[in-house]
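The values are calculated or read from the model by the stated rules, or taken from the named source; none is laboratory data. These numbers were taken from a predicted model, which means no experiment stands behind them. A quick note on method: Cβ atoms are made from the backbone with ideal geometry, for glycine too, and the neighbour counts reach across all protein chains shown. When the accessible area is computed, the model is the full protein with side chains, heavy atoms only, and any ligands, DNA or RNA have been set aside. Shrake-Rupley method; radii C 1.70, N 1.55, O 1.52, S 1.80 Å.
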Amino acid sequence: MRGTTNVPEVSVIIRKGAKILFVLREKTGYADGMYALPGGHVEHGEQFSAAAAREAKEEVNITIKVKDLKPVLTMQRQSTGGADDVRIGPFFEALSWSGTPKNMEPEHHGPIAWFDAYDLPYDKIMNFQAEGLRAISKGDIYLELGWNDPA
């Protein structure tokens, strides 16, 4: 029996008051024109929390200590490749951070934006992250996307 390979990924919620930081995806070939939380793939041998801190620094110039990352949701999802493209990863919230937010990857992102956490434009946010943020707002800590309901 062949097991499933899950691609590890992270998403990071960075708040400033009642606002959440997003970057506009451009020139990536995936979800271009949509806003996304800082995040991405976990590198070989890397811990989820270390990946979250690294991605925040690489993408938006934010420094987060691993101890200041709180896991708020774990998601497993079938991505665009269906059953052969399964992703798994946590959403972290930065309890504390430093730095001046700016787009550090202009080859992949457009401007950064701060959206009101209580009135997020879900239709403008990358689909799986929008679903994750909805789940978090309801108090959910686990979410599976892309499969039919087994009930």
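At 222 nm, what value in deg cm²/dmol follows for the chain if DSSP H runs of at least 4 each add -39500 (n - 2.57) and the sum is divided by all its residues, to the nearest 500? Show your work: numbers first, answer last.
On the way: 2 runs with 24 residues, N = 151.
Per the formula, -5000 deg cm²/dmol.
Note on region 1-139: Lys pairs 8 or more places apart or on different chains, Cα atoms under 19 Å apart, count 18. Over all Cα atoms in the chain, the spread is summed up by Rg and Dmax: 14.9, 49 Å.
Taken per residue, the accessible surface of the chain reaches 55 Å², heavy atoms only and a 1.4 Å probe.
Legend: Rg and Dmax of region 2-86, from Cα coordinates, 13.9, 47 Å.
So for region 1-42, considering every pair of alpha-carbon atoms, how many percent are separated by more than 15 Å?
Numbers: 490 of 861 pairs.
Value for region 1-42: 57 percent of Cα pairs lie more than 15 Å apart.
Positive end of the dipole of region 1-97 (Cβ unit charges, origin at the Cα centre): among Gly39, Val86, Gly3, the Cα lying farthest that way belongs to Gly39. Model label sites at His41 and Lys19, defined 7 Å from Cα along the beta-carbon direction, differ in position by 3.2 nm. Expressed as a whole percent, the accessible surface of region 9-151 that belongs to carbon and sulfur atoms is 51, based on a 1.4 Å probe.
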